[in-house]
Amino acid sequence: MSTGTAGPATLVTPEVLIVGGGPAGLTAARVLAGAHRRRVLVVERERQAGGIPRHCDHTGFGLRDLRRVLSGPSYAGRLVAAAEEAGAEIWDGATVTSWSAEHGAEVTTPRGLFTVRAGATVLATGARERSRPARMIPGDRPEGIYTTGLLQNLVHLHHGRVGEQAVILGAELVSWSAALTLRQAGCDVVAMVTAHERPESYSALTALGRRALRFPVISGHRVVRIIGRDRLEAVELENAATGRRRLQGCDTLVVTGDWVPDVELARSGGLDLDRVSRSPVVDSDLRTSVPGGFAAGNLIHPVDTADVAALDGRHVARPVLRWLDDPGAWPSPEGARVVARPPLRWISPGRVAAGAPPRSRHLSWVDRRIGVPVVTVTQDGRVLGRRRLMWPAAPGRVFRIPSDLFAAASPAGGDVVVEVDGRP
């Protein structure tokens, strides 16, 4: 890449700018810089690249993309090393303060200010959990309340201390990650609480976690009040069906799941956003509404596993190369929108285009459990596909819909409507 000066900021001109050094961004960087010899710059705001897995000091990472099972830090380290060995440049501790496809990115780093103008940009900024204030849980404002990310950062990276008795709000995959972190920190989990009738995580994982960690999973309840002056003392739980309330003593509360995309740059860059998930709308090539702009990973499907995000990064490399080779022949997508009907909350990719999306799956989220789901895809009053799937649709985890159900959709037609029903 070349450098120069543009006012007070140094101008940098890679072929590809990747914003976000997690699994999606690092994998895209490795593929583009390695086999395809492109000049790639990865900008990561954390002091080290690697993304969320860097904070997760337990096993379970890398199965789909690396074909092995690793701890979170080992997995993150492998991805960073592979991207660097391929020739990608990674800036740690660098914050992108603004971005647009036309004007590039303004980046603040410990080395100074930079303007980055690239032929293509991949946004891979990921997702985050909603905090206690964002969930509007009333009550006191004591110490001892964390998201999973804050907890893991404190325990695994800074070796800090938490309390002695914890309640985990949520029963998603990440909730069990929080439970393992609390155990490592010497904090006993006294309850895992979910508002849903059944825990959101896979039944086998929930059963294994109950046996191994020995704490109750309380379904159909929500936390309705925080109690404590300086330090958390208790939370008040409410039965969603009866309204009956009771107190649960604890000095630590971890609010898990309830993911939202880290979408500030996508919004400021003028990308078309899904009205429900607020993620950038992409087609099966992960192209956004802005020419030369791509999005990948948990920014567009908040939230799936780290290895699925990494496979997004592998998938987006080919469309990026196609754009770099001939931008004028490949405009931004203008195909039919994909619309999710309740109980589906959102679906990604959100536009019809030629070719299959990553792993030949559309990813979606549901608001209630359907044990034997039947998915129907229609366009302009015509049924394109209908199929009973062999896996449940459950709140708190991604629901995967085979993309061949969309194969007959016309990019020039009306909205492609996706519906799901079936037995609970």
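The values are calculated or read from the model by the stated rules, or taken from the named source; none is laboratory data. Remember, it's a predicted structure, so these values are computed and weren't measured experimentally. Cβ sites come from the backbone with ideal geometry, for glycine too, and all protein chains shown count toward neighbours. Side chains are part of the model used for accessible areas, which takes the heavy atoms of the whole protein and leaves out ligands, DNA and RNA. Shrake-Rupley method; radii C 1.70, N 1.55, O 1.52, S 1.80 Å.
What the table below lists for this structure:
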| read-out | value |
| --- | --- |
| The stretch 160-178, residues that are assigned to a strand (DSSP E or B) and farther than 11 Å from residue 148 by Cα | 165, 166, 167 |
| Residue within the stretch 279-289 that is open to solvent by 20 Å² or more (accessible area, probe 1.4 Å), outside any helix (DSSP H, G or I), more than 13 Å from residue 357 (Cα to Cα) and touching a residue at least 40 places away in the same chain (Cβ under 8 Å) present | yes |
| Wholly enclosed strands (runs of 3 or more DSSP E) of the stretch 338-409 bearing at least 1 residues more than 22 Å from residue 286 (Cβ to Cβ) | 361-366, 372-379, 382-388 |
| The stretch 137-174: number of residues that are open to solvent by 30 Å² or more (accessible area, probe 1.4 Å) and more than 15 Å from residue 257 (Cα to Cα) | 13 |
| Test result for residue 181, in contact with a strand residue (DSSP E or B) (Cβ under 8 Å, 6 or more places away or on another chain), open to solvent by less than 20 Å² (accessible area, probe 1.4 Å) and in a helix (DSSP H, G or I) | no |
| Of all residues making up the stretch 93-109, the number that are modelled with pLDDT under 95 and surrounded by fewer than 15 Cβ atoms within 10 Å (Cβ to Cβ) | 2 |
| Which listed residue, of 320, 418, is touching a Phe, Trp or Tyr at 6+ places or on another chain (Cβ under 8 Å) and surrounded by 14 or more Cβ atoms within 10 Å (Cβ to Cβ) | 320 |
| Leading residue by the ranking (surrounded by the most Cβ atoms within 10 Å (Cβ to Cβ)) among those in the stretch 186-210 that are within 14 Å of residue 223 (Cβ to Cβ) and of a type outside the set (Val, Ile, Thr) | 192 |
| Qualifying position, being over 24 Å from residue 291 (Cβ atoms) and either modelled with pLDDT of 95 or more or loosely packed, with under 14 Cβ neighbours inside 10 Å (or both), among 355, 396, 371 | 371 |
| Selection from the stretch 211-262 of residues that are charged (D, E, K, R), assigned to a strand (DSSP E or B), in contact (Cβ under 8 Å) with a residue 60 or more places away in the chain and in contact with a Leu (Cβ under 7 Å, 6 or more places away or on another chain) | 236 |
| Residue within the stretch 318-329 that is within 22 Å of the chain's Cα centre (by Cα) and in a loop (DSSP other than H, G, I, E, B) present | no |
| Meets criteria (surrounded by fewer than 21 Cβ atoms within 10 Å (Cβ to Cβ), β-branched (Val, Ile, Thr) and farther than 28 Å from residue 65 by Cα) for residue 254 | no |
